[in-house]
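Peer 1: Quick one: structure below, then a few questions.
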Amino acid sequence: MNQETELTFDVRREAEERARELIRCGFQEQDEIAESLVEEFEDQGLEEEDAEEIVAPLWRERLAEQASWPETTDVDRLEEAFDALEEQGIVAAMDFTCCASCGYDEIGGEAEEDSRGFVFFHQQDTEGAAAGRGLMLRYGGFRAEGESKESAERRTVEIGREVVSALEAAGLPVEWDGSPGKAIAVTPLTWLNRLPE
């Protein structure tokens, strides 16, 4: 076996593993996952056709698995909690942006006039949850102009309490010490997120 064939085999194996991860996350469409693979592995020779060939059987496999899942999964409970928070004037965004700093930078753009605060988890958090490491939630209050740091922290704690309350009401286990600088952990969590239809 020559080096080029070996590399192609290794790249294919890596791309398959990455496709499985993204499928487990459950937020991207089949063609979006193929596009993600091309972006990640293009410089190693992976083309769109290869990516589509890799994703299609794994997608079918996941759809077949979903048939045996419970009617209500932990991810359904999470959606229920996020919907309830939205109704309470808290912007609740799932799989939002690539990382925490982008999330904090961009969450204000999701706010309505009456939004009091926010909660979100980003794509890296989703991947962590899908890998069985629980889910970290970022949250806070929208800071009013001229508001003191102490007042903003108090509001962040209030939002944190509301998030914890909504998660517990939905039947999810929560770990949080009440500190405004500490992410809320939803753990243990069985990440079963149905693929987009």
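Peer 1: Which value, in debye to the nearest 20, gives the size of the charge dipole of the stretch 74-186 about its Cα centre, when Lys and Arg are +1 and Asp and Glu are -1 at the Cβ?
Peer 2: Values: 10 positive and 25 negative charges, 107 e Å.
Rounded to the nearest 20 debye, it is 520 debye.
Peer 1: What does the extension gain come out to for Ser68 and Glu113, with contour length at 0.36 nm per residue minus their alpha carbon separation?
Peer 2: Working: separation 45, 0.36 × 45 = 16.20 nm, distance 4.22 nm.
Extra length available between Ser68 and Glu113 comes to 12.0 nm.
Peer 1: ³J(HN,Hα) across the stretch 39-50 via Karplus (A = 6.51, B = -1.76, C = 1.60, θ = phi - 60°), whole Hz, x for Gly/Pro?
Peer 2: With coefficients 6.51, -1.76 and 1.60, one gets 4, 6, 10, 4, 5, 9, x, 7, 10, 4, 4, 4 Hz.
Peer 1: P(r) for the stretch 3-66: what percent of alpha-carbon pairs falls in each 10 Å bin, starting at zero?
Peer 2: 23, 56, 18, 3
Peer 1: Further question: Determine Rg/Rh for the stretch 74-186; Rg is computed over alpha-carbon atoms and Rh is the Kirkwood hydrodynamic estimate from the same atoms.
Peer 2: Using Cα coordinates only, the ratio equals 0.94.
Peer 1: Now for a different question. Suppose every K and R has +1 on its Cβ and every D and E has -1 on its Cβ; what is the size of the dipole of the stretch 3-66 about the Cα centre, in Debye to the nearest 20? If you can, show how the numbers build up before the last one.
Peer 2: Values: 7 positive and 23 negative charges, 106 e Å.
The calculation lands at about 500 debye.
Peer 1: Okay, next question. Can you classify the stretch 23-103 as rounded, prolate or oblate using the Cα gyration tensor, where a ≥ b ≥ c are the square roots of its eigenvalues, rounded means a/c under 1.5, and otherwise it's prolate if a/b beats b/c and oblate if not? Walk me through the intermediate numbers first.
Peer 2: Details: a/c = 4.06, a/b = 1.50, b/c = 2.72.
Oblate.
Peer 1: Out of residues 5 or more away from Val91 or on other chains, whose amide H comes under 5 Å of its own, with H placed 1.01 Å from N in the peptide plane?
Peer 2: Long-range HN contacts for Val91: Arg116, Gly117, Phe118, Val119.
Peer 1: Among Ser36, Leu46, Cys25, flag the residue with its Cα farthest along the positive direction of the charge dipole of the stretch 3-66, charges on Cβ as +1 for Lys/Arg and -1 for Asp/Glu.
Peer 2: The Cα lying farthest towards the positive end belongs to Cys25.
Peer 1: Find how much the distance from Thr190 to Glu87 grows on full extension, using 0.36 nm per residue of separation minus their present alpha carbon separation; answer in nm with one decimal.
Peer 2: Details: separation 103, 0.36 × 103 = 37.08 nm, distance 2.55 nm.
Here the segment from Thr190 to Glu87 would lengthen by 34.5 nm.
Peer 1: Could you compute how fast the chain diffuses translationally, taking Rh as the Kirkwood radius over C-alpha pairs and applying Stokes-Einstein at 25 °C with viscosity 0.890 mPa s? Give it in µm² per second.
Peer 2: For the chosen part, D equals 133 µm²/s.
Peer 1: Can you give me the distance in nm between label points at Glu52 and Ala131, each placed 7 Å from the Cα along the Cα-to-Cβ direction?
Peer 2: 3.1 nm
Peer 1: Report the FRET efficiency, 1/(1 + (r/R0)^6), for Arg60 and Cys98, where r is their Cβ-Cβ distance and R0 is 35 Å, rounded to 0.05. Intermediate results must be reported in sequence, preceding the final value.
Peer 2: Working: r = 28 Å, r/R0 = 0.80.
With R0 = 35 Å, the Cβ-Cβ based efficiency is 0.80.
Peer 1: Where the centroid of each part is defined by its Cα atoms, how far is the stretch 1-75 from the stretch 115-136 in Å?
Peer 2: 21 Å
Peer 1: Assigning unit charges at the beta carbon (Lys, Arg +1; Asp, Glu -1) and nothing else, what dipole magnitude in debye, to the nearest 20, does the chain show about its Cα centre? Walk me through the numbers on the way to the answer.
Peer 2: On the way: 18 positive and 50 negative charges, 257 e Å.
It works out to roughly 1240 debye.
Peer 1: Further question: Label points 7 Å out from Cα along the Cβ direction at Phe27 and Ala152: separation in nm?
Peer 2: Taking the two extended label points, one gets 2.5 nm.
Each reported figure results from applying straightforward, stated rules to the coordinates on display, with no laboratory input. As the structure is a prediction and not an experimental result, all values here were calculated from the model. Cβ: placed from backbone, ideal geometry, glycine included. Neighbour counts: every protein chain shown.
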